[in-house]
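As structure tokens, the structure follows; a few thoughts come after it.
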Amino acid sequence: MKSTSVVVDGWHDGMRARLLLREKGKFGTVLRNWKYTTSIQVAGHKFERAEWRLNRSFPNGSRICAEVDGYDQEPCVTVQNHG
């Protein structure tokens, strides 16, 4: 996986996000520490965005999740290695 990002609807001053690796039965390993999001506007819509470079492999079935200040839900992707 080269990189990943999280996008949050609306502008939120001082919003931070970090990236976690969630594996079965484990709390989570911090992949990338807290960083401030960047405000962007696309076609009149406002968003906060954070992006991380990873450049590494992860075990099949691992979940990469973003923890965002002020949000209870963590958006995640599940790694599926094909080949």
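The values are calculated or read from the model by the stated rules, or taken from the named source; none is laboratory data. Only a predicted model underlies this, so the values are computations on that prediction, with no experimental measurement involved. Glycine also receives a Cβ, built like all others from the backbone with ideal geometry; neighbour counts cover every protein chain displayed. These area figures cover heavy atoms from the full protein model, side chains too; ligands, DNA and RNA do not enter into them. Shrake-Rupley method; radii C 1.70, N 1.55, O 1.52, S 1.80 Å.
Residue check, Val77 against (1) among the β-branched types (Val, Ile, Thr); (2) open to solvent by 60 Å² or more (accessible area, probe 1.4 Å); (3) in contact with a Leu (Cβ under 8 Å, 6 or more places away or on another chain), all met but one. Which one?
With (1) among the β-branched types (Val, Ile, Thr); (2) open to solvent by 60 Å² or more (accessible area, probe 1.4 Å); (3) in contact with a Leu (Cβ under 8 Å, 6 or more places away or on another chain) applied to Val77, the lone miss is (3).
Which of the residues spanning segment 21-44 are of a type outside the set (Val, Ile, Thr), in a strand (DSSP E or B) and over 13 Å from the mean Cα position of the chain (by Cα)? Break it down into steps so the answer makes sense when it comes.
Going through segment 21-44, the residues of a type outside the set (Val, Ile, Thr) turn out to be 21-28, 31-36, 39, 41, 43-44.
Next cut, in a strand (DSSP E or B) only: 21-22, 31-36, 39, 41.
Answer for segment 21-44, where residues must be of a type outside the set (Val, Ile, Thr), in a strand (DSSP E or B) and over 13 Å from the mean Cα position of the chain (by Cα): Ser39, Gln41.
What are the residue pairs meeting all of these: first residue in segment 43-67, first residue closer than 10 Å to Leu21 by Cα, second residue charged (D, E, K, R) and surrounded by 15 or more Cβ atoms within 10 Å (Cβ to Cβ), Cβ atoms under 8 Å, and 6 or more apart or on different chains?
These pairs meet every condition: Ser62/Arg22; Arg63/Arg22; Ile64/Arg22; Cys65/Arg22; Cys65/Glu74; Ala66/Arg18; Ala66/Glu74.
Within segment 45-56, take every residue that is part of a strand (DSSP E or B) and basic (Lys, Arg) and give me the one that is farthest from Gln80 (Cα to Cα).
Going through the qualifying residues, I end up with Lys46.
So, in segment 2-20, of the ones that are in a loop (DSSP other than H, G, I, E, B) and open to solvent by 80 Å² or more (accessible area, probe 1.4 Å), which residue ends up nearest to Val77 (Cα to Cα)? Can you show your working first?
Here is the first cut: in segment 2-20, the ones in a loop (DSSP other than H, G, I, E, B) are 2, 10-15.
If we keep only those that are open to solvent by 80 Å² or more (accessible area, probe 1.4 Å) too, we end up with 2, 11, 13.
Details: Lys2: 14, Trp11: 24, Asp13: 26 Å.
Residue satisfying both the conditions and the ranking: Lys2.
Quick one: how many residues across segment 48-66 are farther than 14 Å from Thr78 by Cβ and surrounded by fewer than 17 Cβ atoms within 10 Å (Cβ to Cβ)? Spell out how you get there, then give the answer.
The initial filter retains those residues of segment 48-66 that are farther than 14 Å from Thr78 by Cβ, namely 48-57.
Then keep just the ones that are surrounded by fewer than 17 Cβ atoms within 10 Å (Cβ to Cβ); that gives 49, 51, 53-57.
Total satisfying the criteria: 7.
In this structure, does Asn55 turn out to be of a type outside the set (Gly, Ala, Ser) and at pLDDT 95 or above? Talk me through it step by step, then tell me what you get.
Values: of a type outside the set (Gly, Ala, Ser): yes; at pLDDT 95 or above: no.
No; evaluated as a whole, the condition is false for this residue.
Can you name the number of the only condition in (1) open to solvent by 50 Å² or more (accessible area, probe 1.4 Å); (2) over 20 Å from Val79 (Cβ atoms) that Val30 fails?
Of the numbered conditions (1) open to solvent by 50 Å² or more (accessible area, probe 1.4 Å); (2) over 20 Å from Val79 (Cβ atoms), the odd one out for Val30 is (2).
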